[in-house]
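The structure appears right after this line, and notes come after that.
The values are calculated or read from the model by the stated rules, or taken from the named source; none is laboratory data. Quantities reported herein were computed from a predicted structural model and do not represent experimental measurements. Here Cβ is always computed from backbone atoms with ideal geometry, including for glycine, and neighbour counts include all displayed protein chains. To get the accessible areas, we keep the full protein, side chains included, count just its heavy atoms, and leave off ligands, DNA and RNA. Shrake-Rupley method; radii C 1.70, N 1.55, O 1.52, S 1.80 Å.
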Amino acid sequence: DKAQDGDMGDYIRRVAAPQVQEILTQYGEFPAVLWWDTPCGMTKEYADQLLPLLRLKPGIIHNNRLGGGYGGDTETPEQYIPATGYPGGRDFEVCMTMNDTWGFKSYDHNWKSAETLLQNLIDIASKGGNYLLNVGPTAEGLIPEPSIERLKQVGAWMKANGEAIYGTSASPFKRLPWGRCTKKVKGDTTTLYLHVFNWPTERKLQVPGLKNQIQKAWLLSDKARKPLAISMDPQGQYVAVPAQAPDAIASVIVAQINGVPEVVPTPLLQDADGSVKLPATEANLHGGVQYESDHAKQCIGFWTNPEDHVDWDFRLAKPGKFVVVAETAAQGGGAVLTIGADGSQVRLNVPNTGDYTKFQKTEAGPLEIPAGTTKLIIKPVKEGWTPVNLRSVLLRPAN
């Protein structure tokens, strides 16, 4: 181990540090970003030989992968999109492959579709992040044809809709049933770009929870900016749209409002099959319990105190009895959760999955829930409580 330690220290001193210095001094205004990707054995002592070199390029951005306990300027989630971005609006850049390979493998044909790549880009932009999309060249330096095909499709969409991505900031909406939103602010005017993945069949798009009145709206693809009619009812505002979506993957509606967007949280709704999905990202957290955005978890965690609880607001159009399906992970046995809504309550015995990243679905119920807006509350049973990670709850009609 000492020999290896000495080898790494010698390498950083003789090779890595001089090369970083060269990169920061010999290329004019470049680089603007330094993307560290150091070995897992990187210590603070080693990192301290590299970090001071950044003074050679004032204002340079560097990521969180130097090691040694340094956080850098940006997060770099790999192969997943954070469900809610990062606390405090911290900048992030999702790095992702087009198939399953960072380099090139002739046998890796598991290509992401152009639809997935585009909707990933929009999803990331709606959370205030950047998309770092990898291509793996062949040994001859050629970009694989499937990558070229998909990049051309993404490029064509961006040529028509790039205004809704470049220079935008995160969505003011916590959720949108039909897609995503990005925004731009100029003076007292906020422009909302409504990226519609699921085009409404009833020819009107609901903008749920928006308190600001929409002043005008148009299709981004319509260069004439023909105004779309706006209507309102107690459920919210609606934008009249054509019968056919302008784009098969994601169509963009531009909506302008005055001032800062004010959005009232809206309850989750039933799916067409009568079920209600309650993901961890939509939960209201009470106490010290937290949402964990790590790729292996993406769940409610740090549930060490049995006094803490979580709940969701949702609305039922079709009341009845519902089986509760909870997706949990636990590293010990004995934990019990009470799950209740509108006076009806069930107990769920949490299985020991052996690891806090290994999730299992468990059924309990049924719960009798009336129509209208209600709250599902989950509380620990204090006796025998051990920490539990909770990823999602599904309410499934019992009959």
Q) If you project the alpha carbons of the stretch 90-203 onto the principal axes, what extent comes out on each, in Å, largest first? A) 53, 36, 24
Q. HN-Hα J couplings of the stretch 7-22 from phi, Karplus 6.51/-1.76/1.60, θ = phi - 60°, integer Hz, Gly and Pro as x?
A. 5, 5, x, 5, 5, 4, 5, 8, 10, 5, 4, x, 5, 4, 4, 4
(Q) How high is the relative contact order of the chain? Use alpha-carbon pairs under 8 Å, at least six apart in sequence, and give a whole percent. (A) 10 percent
(Q) At R0 = 45 Å, how high is the FRET efficiency between W35 and E368 if r is their beta carbon distance? Nearest 0.05 is fine. (A) 0.25
Q: Lys and Arg at +1, Asp and Glu at -1: add these up for the other residues within a Cβ distance under 11 Å of M96 and post the number.
A: -2
(Q) Taking 22 Å as the cut-off for C-alpha to C-alpha distance, list the pairs among K112/K152; K127/K297; K174/K358; K184/K226; K183/K211 that go past it. (A) K174/K358
Q: Taking 7 Å along the Cα-to-C-beta vector as the label spot, tell me the A224-A83 distance in nanometres, rounded to one decimal.
A: 4.5 nm
Q) For percent of Cα pairs over 34 Å apart, the listed values are [x] 24; [y] 45; [z] 34; which was obtained by calculation from the structure presented? A) [y]
**Q.** Largest to smallest accessible area among H309, H286 [probe 1.4 Å]
**A.** H286, H309
Q | Cβ-defined net charge surrounding W35, 10 Å radius [Lys, Arg +1; Asp, Glu -1] | A | -1
Q. Per residue, what accessible area does the chain have, given a 1.4 Å probe and all protein chains present, in Å²?
A. 52 Å²
Q: Leaving ligands, DNA and RNA out of it, rank V264, V393 by accessible area with a 1.4 Å probe, largest first.
A: V264, V393
